[in-house]
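Right, one structure below, let's go through it.
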Amino acid sequence: MADQGPIKHEEENTLLRMKPWPHEGENVHDNDRDHQMKKDKQTNSDNQPRVCKPYPFEQYHNSYRYIINNILDIPESGPLNLIEPCHEYKAFINTTAETKMDKFTAEVVRFAAACMNSRTNGTIHFGVGDKPNFTHGQVLGVIVEDKEIYGDGLKFAINRSFEHKYKQAAQMCIKPPRFVTVLNNNETSSDKCVIEVDIVPSSTICEENIYHIIEPVKKKTKSSKQFFIRDGSSSRDLLAPNTFTKPMVEYMRFVENMPKQLQLRKQSEEKHLSVIKSSTQGSRLSQMITGRTISLDKSHFEQYVIVTNKSHSSQFESLGFLVELNPTAVLDFDPESAKQGLQRHLDVKSTINAHLPGQYKITEGVEEIANKLKLTRNTSWVFCNGGIENEVPSDIQQWLMEKGASVRDVISFLCRKDVLPNKRFLVIFLLLSTVSDKMDPLVETFSTFWQELRGTDQILCVCDNENAFTSWKDLIEARCGIDISGRCIYELSFAEVNGTILSLFSKNRRASRFLPCGGGSRVLLEKEVERSLNTLDVLCVNQCEGGNEDKIAIEENFYKGGKPSWWNFYFSEEPGSSQLIRRYIIILISNTILDIRFQTRPCVLLNLMHVPGCGGTTLAMHTLWNLRDRFRCAVLKDRNAEFSEVANQVVRLLTYDHEEQLPRVPVLLMIDDFDDMEKVFDLQQVIEKECKTNIKSTQVILLNCMRSESPEQTEITEHAFFLGNDISEKEQIQFENKLVEVEKTSKIAKTFYEFMITKNNLKPEYFQDVVRNTLRSFSINQKQSQLLAILTLLNVYSKDAALPFSLCEKFLSPSPKPICGTDRPEELFGKFSNLICSITVKSDGQYEEVKMIHPNIAKCCLQELRSHKTTEDEIADLLHQIADELYERTENKRKLSQEDHTLKHSVEEGFPLHLFQAFTRLQNLCKVCNNWNETRTRPLR
């Protein structure tokens with residue numbers, strides 16, 4: 001017991017011992033004996049304390065609350081399996097303002113040191129009573145006026161009490177104080193709370209260390225050390241003198257045994273590692289709330305009735321779906337709903353009429369009552385346990401007698417066939433708080449609806465955790481004799497419930513973006529959160545829905561050689577469109593990714609090596625598109641971003657709306673254009689360090705799309721695929737059919753060289769014919785020819801070199817840009833525009849670049865230029881000339897940097913030195929231009 005151990009402080013005996021009910025043997029006058037016995041019996045049944053669970057371990061945002069005088073069902077204990085927390089209770093009531101903080105910090109530090117030395121998780125509770133003055137585990141609560149001083153005081157005490165070398169470890173193991181609200185018996189708020197501190201002595205933090213406590217130094221005395229361990233329900237100091245063992249013997253034995261204790265802790269941590277579990281309850285929710293139509297625009301149910309209980313402010317952001325459902329009625333059992341609960345929160349977002357149950361009693365015609373209640377116009381919010389119009393709330397034990405009959409009248413009225421359409425309305429029990437008592441009003445309400453509706457087909461129960469579901473299911477089974485598991489959603493958080501329901505409205509799919517949570521469930525991706533993930537291009541489940549992009553222009557740019565966008569995949573799935581060409585290898589890659597989910601490494605790498613220009617990037621993006629409802633998919637925007645920041649944002653995407661819960665699905669991150677496998681491995685390791693340590697499933701999958709000339713050059717890794725030049729017969733047929741389709745919609749289909757190149761299996765003859773015909777009128781004296789020559793040479797020696805479109809504009813078109821609108825690449829490059837394409841780069845900002853449409857086109861162009869008597873040296877000189885011209889037009893003529901330490905990326909072997917120097921100078925020029933984002937050059941690769 002907590003107060004019986006060596007370090008326990010007994011509470012002062014000035015308080016009378018609390019008795020939950022009187023007993024028959026009490027001293028009463030004989031004349032009043034019968035009356036007193038009846039009163040005792042009634043009090044016995046009314047005030048019997050209820051058992052409750054402790055607040056979830058190592059959480060802070062759970063909506064769980066205690067009720068005054070309830071009994072925690074977990075006894076004080078010593079180490080169990082080292083992961084299940086041991087508990088210690090402190091009434092914390094007989095303290096003065098001067099001694100309160102000292103007592104709090106002293107008790108926490110001793111308990112924490114004992115848990116850390118014993119390598120067991122633990123929670124110490126302040127405001128929970130113990131024998132002899134209280135029932136063991138009785139919730140009392142304490143009044144806290146300033147929560148901040150508890151956190152600050154505890155940090156100070158930790159630094160003061162632990163040895164210097166272990167202060168940081170202690171701060172990491174001892175979690176900040178948690179303040180759990182204590183409600184009155186009628187579920188109204190009190191001014192009390194229970195203060196709790198969790199201890200988590202992770203093996204990676206504590207290792208084989210031992211933790212002494214240094215007692216505060218008093219005048220003329222030396223500081224003394226203490227060494228606490230958990231011993232049963234108490235914390236015991238092994239350095240304290242005793243008569244049972246020789247001094248230091250037990251202490252030395254415990255210290256020598258620490259390596260074994262650490263190993264036990266590691267084994268327990270490994271055994272209790274969580275696995276990312278998939279769930280199908282998102283799909284089940286979609287089916288049940290729509291009557292299997294999977295759309296709330298055309299749901300089988302015309303009306304909805306919500307039954308709910310005590311809410312918490314942390315839940316409000318996840319309950320926006322209630323506004324969209326526009327329920328006919330809400331039966332609210334929270335007596336503080338109008339003051340600080342759900343009704344007040346939603347009142348500003350929808351039109352609500354507040355009612356008491358008595359207003360539903362049939363004293364006149366049904367139509368007249370409905371008109372008075374404005375039932376067909378606004379949501380009727382029925383306060384089923386008081387809270388308005390001076391209606392006093394009832395305790396659970398008295399509710400049935402005081403308010404049960406009037407609530408039954410409400411239910412009977414709503415279930416009439418001349419009020420709500422028969423079989424066309426759904427009753428949703430939204431359990432915002434755990435229902436744990438058989439006398440809870442919601443149990444009786446469920447029973448009444450079940451009887452009125454003659455079954456559960458029109459009932460749906462929603463809660464956000466398995467414990468709440470189990471308690472609810474058991475209570476309903478005891479009350480009604482039925483199993484309601486099939487009508488319950490409990491594996492989803494309220495954020496997932498909210499996102500899933502909102503996504504069933506077409507208007508929301510067009511206006512909002514949703515992330516997958518597995519099994520058909522979704523969460524709403526807030527715009528400010530997405531903006532903060534600025535190194536990632538996040539692919540949402542409903543990507544592109546509601547957009548209004550130019551389909552023909554996007555497809556033309558893609559088939560000419562531009563980078564694919566998500567719109568290409570979206571358009572291919574529209575009714576009447578043929579599918580985007582599916583490469584045979586995509587099935588193998590997708591199946592491998594699905595299998596990787598069950599590995600134990602936090603971040604797993606899958607390499608997709610491909611010949612330049614054969615569609616590797618398109619294939620990788622197609623894979624993400626197909627898996628966007630099963631993974632949280634994203635593309636790394638900028639390979640030069642700090643890896644630590646990338647890792648942080650990837651994990652934030654993984655845990656979004658799951659901060660204190662297990663993530664539902666892994667992140668699938670595509671990385672492109674890396675030319676050094678060591679950097680890929682570095683990124684993988686940085687992400688692994690950032691991942692959660694309590695999960696043994698794969699949390700992040702890296703799909704690395706990298707160029708390779710042949711399978712022999714492919715890095716040997718566990719998961720690797722190679723995409724070459726050849727296409728299969730089935731793929732050839734797909735290309736032929738697609739060409740017929742695009743020729744119907746585009747007048748310039750013959751210039752879709754990227755498409756035609758792949759269709760023709762990258763045959764050299766095709767490249768040569770295209771280049772020869774295009775460069776017939778090439779003249780090095782023309783600026784368009786000069787710029788094409790520069791792009792050609794850069795793309796031959798650098799895999800995917802590109803120039804900022806704004807620099808090309810300045811060189812080709814010295815006249816000012818139009819105020820409204822912009823020049824287009826095909827207009828600037830004229831007759832050579834079919835050999836170049838523009839791409840949009842998303843990094844710190846968004847800007848346009850131009851490049852050759854294909855590496856093999858660039859090689860053929862260089863050969864053709866030689867026939868026009870244009871050498872590589874001449875082209876390098878042109879690069880210098882361009883830099884000179886642009887520098888003269890640059891208003892801010894700062895000194896160009898002579899250092900090229902920022903040019904960190906490797907280039908092809910054999911890259912001419914004079915060309916390297918020229919391009920470096922052009923890059924430095926870009927840095928001093930007024931508008932950096934518009935004149936930025938992609939580094940060489």
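Things worth noting here:
- For a label point 7 Å along the Cα-to-beta-carbon line of Cys480, residues of segment 325-351 with backbone N under 12 Å: none
- Comparing segment 51-272 with the 2.2 N^0.38 Å rule of thumb, its C-alpha radius of gyration ratio is 1.03 (two decimals).
- Placing a label point 7 Å from the Cα of Asn94 along the Cα-to-Cβ line, the residues of segment 101-135 whose backbone N sits under 12 Å from it are 132-134.
- Each of the peptides 502-509, 785-792, 418-425 was scored by the mean count of other Cβ atoms within 10 Å over its residues; in descending order, highest first, they stand as 785-792, 502-509, 418-425.
- In a fully extended conformation the segment linking Arg292 and Glu642 would gain 121.3 nm over its present Cα-Cα distance, using 0.36 nm per residue.
- Applying 1/(1 + (r/R0)^6) with r as the Cβ-Cβ distance of Arg454 and Thr376 and R0 = 22 angstrom yields a FRET efficiency of 0.30.
- Three-way shape label, segment 166-220, alpha-carbon gyration tensor, a/c 1.5: oblate
- Segment 298-501 shape via C-alpha gyration tensor axes, a/c threshold 1.5: rounded
- Placing a label point 7 Å from the Cα of Asp395 along the Cα-to-Cβ line, no residue of segment 126-164 has its backbone N under 14 Å from it.
- Of the accessible area of segment 292-405, computed with a 1.4 Å probe over protein heavy atoms only, carbon and sulfur atoms account for 45 percent.
- Efficiency of FRET between Val323 and Lys679 - r from beta-carbon atoms, R0 56 angstrom, step 0.05: 0.75
- What the Cβ-Cβ distance of Val51 and Ile552 gives, at R0 = 60 Å and to the nearest 0.05, is a FRET efficiency of 0.30.
- Fully extending the segment from His164 to Ser506 would add 117.2 nm, taking 0.36 nm per residue of separation and subtracting the current Cα-Cα distance.
- Projecting label points 7 angstrom from Cα along Cα→Cβ for Val249 and Lys869 puts them 10.6 nm apart.
- With all pairs of separate Cα atoms included, segment 588-719 yields a Kirkwood hydrodynamic radius of 15.0 Å.
- Thr470 paired with Asn773, simple spin-label distance in nm, labels 7 Å along Cα-to-beta-carbon: 7.3 nm
- Counted by Cβ distance under 11 Å from Asn508, the other residues give a net charge of +2, where Lys and Arg count +1 and Asp and Glu count -1.
- Space enclosed by the convex hull of the alpha-carbon atoms of segment 111-207, per residue, Å³: 118 Å³
The values are calculated or read from the model by the stated rules, or taken from the named source; none is laboratory data. Just so it is clear, the model here is predicted, and its values are computed rather than measured. In this analysis, Cβ positions are derived from the backbone assuming ideal geometry, glycine residues included, and neighbour counts consider all displayed protein chains. Protein only, heavy atoms only, side chains kept; ligands, DNA and RNA dropped before computing areas. Shrake-Rupley method; radii C 1.70, N 1.55, O 1.52, S 1.80 Å.
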